[in-house]
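Participant: Before we start, here is the structure in question, set down as structure tokens.
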């Protein structure tokens, strides 16, 4: 593997990222500077979309119980709120496969 990403919740309920690359070794990821606060009971999910822009998506739960999507496209961090209706539609589609 040439790159590894590890996502976790800090003790102050912030979403954190540590990265590994063959050139740099281990280092703090760019997501850390955003200081996104999440629910203390949140789980974290991550997926990589193998498209031209090499997109990475991280999902977690905010303190108001909304599901948040954080994404990287060309090293730009973006944040989206995913409504509960959308999550239900996504789960339904995934269950139909």
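Participant: What's the number of the condition residue 18 fails, among (1) assigned to a strand (DSSP E or B); (2) modelled with pLDDT under 80?
Facilitator: (2)
Participant: Continuing with this model, one more query. Looking at segment 58-87, which of its residues are part of a strand (DSSP E or B) and at pLDDT below 80?
Facilitator: 71, 72, 73, 76, 77, 78, 79, 80, 81, 82
Participant: Here's a follow-up. Taking the condition in contact with a helix residue (DSSP H, G or I) (Cβ under 8 Å, 6 or more places away or on another chain) and either surrounded by 13 or more Cβ atoms within 10 Å (Cβ to Cβ) or under 24 Å from residue 64 (Cα atoms) (or both), does residue 5 pass?
Facilitator: The answer is no for residue 5.
Participant: Which ones in segment 35-57 are closer than 17 Å to residue 4 by Cα and modelled with pLDDT under 90?
Facilitator: 47, 48, 49, 50, 54, 55, 56, 57 - these are the residues of segment 35-57 that are closer than 17 Å to residue 4 by Cα and modelled with pLDDT under 90.
The values are calculated or read from the model by the stated rules, or taken from the named source; none is laboratory data. What you are looking at is a predicted structure, and each value in this text was computed from that prediction instead of being measured. Cβ coordinates were reconstructed from backbone atoms using ideal geometry, including for glycine residues, and neighbour counts include every protein chain displayed.
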